[in-house]
Amino acid sequence: METIEGSCHCGTVKVSVPIDAAGVVVCHCGDCQKLHGNAFAMLAVERAALRVGGEAEVRWYDSSAKARRAFCGRCGSRLFKDPHGSPKVLVSVGLFDRHLPRRVIKHVMPETAPDWYAPPVDGSP
Ligand SMILES: [Zn+2]
Ligand SMILES: [Zn+2]
């Protein structure tokens, strides 16, 4: 299976996801804004298909009753959102090369975006 390789800023945590992972989803919820410093752009990846290297530096944080999130303990790069009970893990798209063969397919919770940014109200790209 062809994969896309990514890493955190310091290079300690490496990730590999299938090239056919779903397109980029952008979340505008309050948790993402606080935790990512902005909207969170992510790829939804089947849990079993995600490969992670440097796992010793992956730090988990229970961001709500519904999900936990991960960051690199060395450089602080945001890595994952892991919704409890979901077959998919959301992988930060910023870990990958800027020439990703994927595009934004959806905006989530555009109604809670900060008022300095105006995402499409219908959630479309
Ligand atoms: Zn790092
Ligand atoms: Zn969010």
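The sole residue among 11, 54 that is surrounded by fewer than 14 Cβ atoms within 10 Å (Cβ to Cβ) and more than 27 Å from residue 115 (Cβ to Cβ) is 11.
Results for (1) at pLDDT below 90; (2) among the acidic types (Asp, Glu); (3) assigned to a loop (DSSP other than H, G, I, E, B); (4) surrounded by 13 or more Cβ atoms within 10 Å (Cβ to Cβ), shown as yes or no for each residue.
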position: 70; (1), (2), (3), (4): no, no, no, yes
position: 75; (1), (2), (3), (4): no, no, yes, yes
position: 81; (1), (2), (3), (4): no, no, no, yes
position: 91; (1), (2), (3), (4): no, no, no, yes
position: 99; (1), (2), (3), (4): yes, no, yes, no
position: 102; (1), (2), (3), (4): yes, no, yes, yes
position: 117; (1), (2), (3), (4): yes, no, yes, no
position: 124; (1), (2), (3), (4): yes, no, yes, no
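For the range 104-115, a residue qualifies if it is outside any strand (DSSP E or B) and under 19 Å from residue 23 (Cα atoms), and the qualifying residues are 109, 110. When 6, 37, 23 are screened for being without any contact (Cβ under 8 Å) to a residue 12 or more places away in the chain and either crowded, with 16+ Cβ neighbours inside 10 Å or in contact with a strand residue (DSSP E or B) (Cβ under 9 Å, 6 or more places away or on another chain) (or both), only 37 passes. Scan the range 26-54 for residues that are within 16 Å of ligand 1 (Cβ to nearest atom) and assigned to a strand (DSSP E or B) and the total you get is 2.
The values are calculated or read from the model by the stated rules, or taken from the named source; none is laboratory data. If you're wondering where the values come from, they're calculated on a predicted model, not measured in any experiment. Backbone-built Cβ (ideal geometry, glycine too); neighbour counts: all protein chains shown.
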